[in-house]
Amino acid sequence: MRERDERSTSSATLEPRSDGSDDDGRSGARRSFNEAAHKLGYWPVRDAERAPRGPSDALRAADDDERDVVAHAARLVLALGALGVVYGDIGTSPLYTEQFIFTAHKAAARPDVAGVYGIASLIFWALMIEVSIKYAGFIMRAHNRGDGGIMALTALVIRRRVPNAAILAVLGIFGAGLFFGDGMITPAISVTSAVGGLNVVSPSLSHLIVPLSLAILIGLFAVQRFGTGAVGWLFGPVILVFFVVIAFFGLREVVLHPGVLQGLSPSWGARFMVDHGVQGWLTLGGVVLCCTGAEALYADRGHFGAAPIRMTWFAIVFPAVMLSYLGQAAWILSHPGAVPQSNFNPFFQIMPHSILVPMVVLATAATIIASQAALTGSFSVAKQAVQLGFLPRLRIVHTSNLEGQIYVPLINWFLCIGVATLVLVFQNSNSLGDIYGVAVTGTFILNTTLFLAVSRALWRTPKWRLAILGVLFLTVEVAFFTSNLAKIADGAYLSLAVGLVIAMVMITWRRGRQIVTDNRTEQEGPLREFLEQLPDVTPPIVRVPGTAIFLNPGEKTTPLALRAEVQHSHVMHEKVLIVSVEPASIPRVDRTDQFSVKTMGNGLFKVIHLTIRVGYRNPQNVPEALAEARKQGLLERNLDLEHASYFLSHITIRPTTDGKMQLWRKKLFVTMARNSASPIEHFGLPRDRTAILGSQVGV
């Protein structure tokens with residue numbers, strides 16, 4: 001006779017053995033679901049054990065990091081999308097870069113052959129080394145299962161336990177903080193520079209620049225809650241038109257003055273630096289403006305993949321912006337007297353006066369798109385930080401069904417206040433250029449450092465190769481960073497301070513969370529021990545109808561809400577499901593790896609523990625995940641999830657004097673914990689079926 005041992009995820013046909021054990025070596029009675037079993041009489045049945053379903057071999061495999069973005073559209077379609085999302089910032093940098101350099105660094109950047117060709121050379125080689133070679137060429141190889149950006153790189157360092165991972169993680173957190181600091185300046189300088197074209201149309205309109213810029217930026221922040229899905233399809237075409245226009249008018253100037261092509265030679269840049277010494281070095285603080293948004297190439301890797309981003313850069317963006325830079329350089333060389341004038345703006349002045357107004361409108365639209373990309377990037381980084389445990393729960397609104405379309409109110413209005421303040425204080429793009437650069441160049445250095453560590457640890461790249469890359473990239477980036485330090489007196493400390501504060505907040509939250517987790521684990525007690533004691537509880541536990549779902553950090557400890565229900569009410573639901581949401585340091589968890597289910601307890605006091613694994617780009621909606629687990633057969637088909645009650649343990653955190661963390665940091669942690677988003681919203685729980693039980697834990 002053959003019998004079937006039915007389990008939650010698989011079944012096997014077993015032959016009975018004379019020693020009373022199954023083929024897998026476990027003793028005890030077997031469970032029979034043979035269609036003729038009613039004719040055989042009684043057969044002892046042992047409790048069925050649900051086979052644990054854990055991470056698959058693919059999830060644990062070392063080479064799984066080679067899994068990359070799977071393209072769901074044609075490469076040309078992805079490339080067009082990348083134009084609007086990835087290249088908004090770097091594509092609009094010609095609006096202000098040369099204007100700022102020749103205005104703010106007159107001592108070195110003179111409107112003569114040596115000055116103009118030297119600046120053109122420095123811009124070209126900055127884009128070539130930082131963007132073409134570093135980001136598009138090398139650093140794009142380092143990805144966290146397709147995802148890019150400094151937070152993804154930090155998660156990869158932590159997950160793969162790269163040597164000195166703790167120090168590298170702190171550097172990554174600081175880089176993420178600098179990203180937010182940079183995110184305040186980029187929209188302000190982009191929009192004010194575009195609207196500043198009105199000064200070229202007519203100097204009498206200059207008084208409108210600040211109020212118009214402010215109105216556009218505040219309007220941009222105000223509409224974020226509605227999402228960009230309705231107009232997102234316009235981003236790529238608008239930016240494409242912008243690139244075609246600036247390339248055309250730049251090319252026209254180059255044809256009229258072909259000698260400016262000499263500026264592509266590195267000799268002119270080297271000569272400029274040698275001839276001007278300290279002033280030439282300070283000029284690098286303006287040259288770095290051409291790399292505005294270079295981090296977006298890497299940060300948006302997970303949306304489009306490496307190939308479309310590279311193709312768009314080399315085929316469209318790089319040629320277009322360089323033609324614009326060279327065209328502006330040629331115009332400056334032939335109009336040296338225009339530099340001292342108040343309405344000096346070579347980006348607009350190389351164009352016919354008859355199209356200036358339409359060009360101001362097009363440039364403004366391009367900078368709005370660039371600002372939108374910066375905001376979307378900030379929302380994504382914030383969400384990643386929350387799900388990786390670097391920030392408390394934030395209210396995150398999904399504005400559409402499209403992946404990545406999210407809105408984080410706290411981050412949105414924080415950036416809005418910062419951007420509006422910058423516009424009101426600094427008034428124009430030249431003054432904003434005086435404070436730009438410290439944050440972005442600091443991020444460049446940190447990205448390079450993490451990339452070199454990952455290359456050595458994961459790919460075993462020879463040290464001599466890493467030394468060559470490190471010297472090339474860090475020489476340029478340290479030069480940019482140190483030259484921008486001179487801007488601190490002008491206000492560049494603002495973005496640096498924002499980065500430092502956010503980094504300290506993230507580090508404090510992570511450390512405080514570890515302390516609270518340890519203290520909470522001790523207070524909750526082991527779950528297995530708790531379940532074993534339930535049959536002996538006096539008075540006896542009364543089982544009440546229905547399904548109770550308890551959210552808990554893990555499977556080893558007892559949910560405080562469950563312990564309180566048993567101890568104070570002496571009741572327990574007929575069906576008890578303990579759910580743990582386990583963040584994974586990867587963008588998305590595959591469907592086959594999403595759940596792990598285990599039956600715990602004995603006799604009448606059994607509970608099911610379900611682990612839900614989520615990547616930092618996965619939604620954390622517990623009811624939807626439970627429905628999916630039931631659909632996959634991991635939970636009973638008749639488990640009533642639609643009417644189940646959810647129970648949360650609300651932890652009141654109080655600072656202690658145990659010395660594990662400075663008192664001011666403990667108070668900061670407690671403040672953040674009290675103001676974090678409700679777990680009901682964060683996990684998508686039904687409000688009318690969720691109960692919260694309170695307890696205290698020290699930090």
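The values are calculated or read from the model by the stated rules, or taken from the named source; none is laboratory data. Quick caveat: nothing in here was measured; it's all calculated off a predicted structure. Every residue, glycine among them, receives a Cβ derived from its backbone with ideal geometry; neighbour counts consider all protein chains shown. The area values use the complete protein model at the heavy-atom level, side chains included, leaving out ligands, DNA and RNA. Shrake-Rupley method; radii C 1.70, N 1.55, O 1.52, S 1.80 Å.
Return a yes/no flag: does the range 162-172 have any residue that is at negative phi, buried (at least 24 other Cβ atoms within 10 Å of the Cβ) and either in contact (Cβ under 8 Å) with a residue 12 or more places away in the chain or more than 20 Å from the chain's Cα centre (by Cα) (or both). Yes, that holds for at least one residue. Just a yes or no: is a residue in the range 108-131 closer than 25 Å to residue 376 by Cα, of a type in the set (D, E, K, R) and at pLDDT below 85? Looking for residues that are closer than 25 Å to residue 376 by Cα, of a type in the set (D, E, K, R) and at pLDDT below 85, one finds none in the range 108-131, hence no.
Please work out if residue 393 is open to solvent by 40 Å² or more (accessible area, probe 1.4 Å), within 17 Å of the chain's Cα centre (by Cα) and not aliphatic (A, V, I, L, M).
Working: open to solvent by 40 Å² or more (accessible area, probe 1.4 Å): yes; within 17 Å of the chain's Cα centre (by Cα): yes; not aliphatic (A, V, I, L, M): yes.
In short, yes.
Which of the residues spanning the range 174-205 are without any contact (Cβ under 8 Å) to a residue 60 or more places away in the chain and assigned to a helix (DSSP H, G or I)? Matches in the range 174-205: 204, 205.
Restricting attention to the range 474-513, the residues that are over 20 Å from the mean Cα position of the chain (by Cα), surrounded by 17 or more Cβ atoms within 10 Å (Cβ to Cβ) and β-branched (Val, Ile, Thr) add up to 1.
The selection criterion, being of a type in the set (Val, Ile, Thr) and within 30 Å of residue 149 (Cα to Cα), does not hold for residue 579. Would you call residue 169 out of contact with any His (no Cβ under 6 Å at 6 or more places or on another chain), at pLDDT 85 or above and over 21 Å from residue 448 (Cβ atoms)? Judged against the criteria, residue 169 is not a match. Whenever a residue of the range 361-390 is under 21 Å from residue 582 (Cα atoms) and part of a helix (DSSP H, G or I), its partners that are at pLDDT below 85 and acidic (Asp, Glu), lying with C-beta atoms within less than 9 angstrom and at least six residues away or across chains, give the pairs 380/300; 384/147.
Entry remark, the range 685-694: residues being over 10 Å from residue 646 (Cβ atoms) and surrounded by 14 or more Cβ atoms within 10 Å (Cβ to Cβ) number 1 in total.
Within the range 597-610, the set of residues being open to solvent by less than 20 Å² (accessible area, probe 1.4 Å) and out of contact with any Phe, Trp or Tyr (no Cβ under 7 Å at 6 or more places or on another chain) comprises 597, 600, 607, 609. Of all residues in the range 278-321, those being open to solvent by less than 30 Å² (accessible area, probe 1.4 Å), out of contact with any Gly (no Cβ under 8 Å at 6 or more places or on another chain) and aromatic (Phe, Trp, Tyr) number 2.
Hey, does the range 529-550 have a residue that's closer than 30 Å to residue 660 by Cα and part of a helix (DSSP H, G or I)? So far as the range 529-550 goes, yes, one or more of its residues are closer than 30 Å to residue 660 by Cα and part of a helix (DSSP H, G or I). Quick check, is residue 204 among the small types (Gly, Ala, Ser) and exposed (fewer than 14 other Cβ atoms within 10 Å of the Cβ)? In short, yes. Under the condition of being open to solvent by 10 Å² or more (accessible area, probe 1.4 Å) and either touching a Pro at 6+ places or on another chain (Cβ under 7 Å) or free of Cβ contacts under 8 Å to residues at least 40 places away in the same chain (or both), which residue from the range 343-352 is farthest from residue 396 (Cα to Cα)? Once the filter is applied, the top-ranked residue is 352.
In the range 83-110, the qualifying residues are those that are within 14 Å of residue 295 (Cα to Cα) and assigned to a helix (DSSP H, G or I), and the one that is farthest from the chain's Cα centre (by Cα) is 93. Residues that are of a type in the set (D, E, K, R) and in a helix (DSSP H, G or I) were ranked within the range 551-570; the one that is surrounded by the most Cβ atoms within 10 Å (Cβ to Cβ) is 565. The numbered conditions (1) more than 30 Å from residue 150 (Cβ to Cβ); (2) part of a loop (DSSP other than H, G, I, E, B) are all true for residue 589 except (1).
Of the residues in the range 600-614, none is small (Gly, Ala, Ser) and more than 20 Å from residue 555 (Cβ to Cβ). The one condition from (1) free of Cβ contacts under 8 Å to residues at least 40 places away in the same chain; (2) part of a helix (DSSP H, G or I) that residue 214 does not meet is (1).
Note on the range 632-669: among residues that are of a type in the set (Val, Ile, Thr) and touching a residue at least 60 places away in the same chain (Cβ under 8 Å), the one that is surrounded by the fewest Cβ atoms within 10 Å (Cβ to Cβ) is 651. Of all residue pairs spaced 6 or more apart or on separate chains, those with beta-carbon atoms under 8 Å, a first member in the range 274-297 that is on the phi > 0 side of the Ramachandran plot and a second member that is buried (at least 20 other Cβ atoms within 10 Å of the Cβ) and charged (D, E, K, R) are 293/89.
The condition (being in contact with a strand residue (DSSP E or B) (Cβ under 8 Å, 6 or more places away or on another chain), on the phi < 0 side of the Ramachandran plot, in a helix (DSSP H, G or I) and of a type outside the set (Val, Ile, Thr)) is satisfied by just one residue among 120, 136, 152: 152. Remark: residue 245 falls outside the filter, which requires a residue to be modelled with pLDDT of 90 or more, surrounded by fewer than 13 Cβ atoms within 10 Å (Cβ to Cβ) and in a helix (DSSP H, G or I). With respect to (1) open to solvent by less than 20 Å² (accessible area, probe 1.4 Å); (2) not in a helix (DSSP H, G or I), the lone exception for residue 236 is condition (2). One residue alone among 471, 516 is on the phi < 0 side of the Ramachandran plot, part of a helix (DSSP H, G or I) and open to solvent by less than 40 Å² (accessible area, probe 1.4 Å), and that residue is 516.
Among the conditions (1) closer than 19 Å to residue 550 by Cα; (2) without any contact (Cβ under 8 Å) to a residue 60 or more places away in the chain, the only one that residue 601 does not satisfy is (2).
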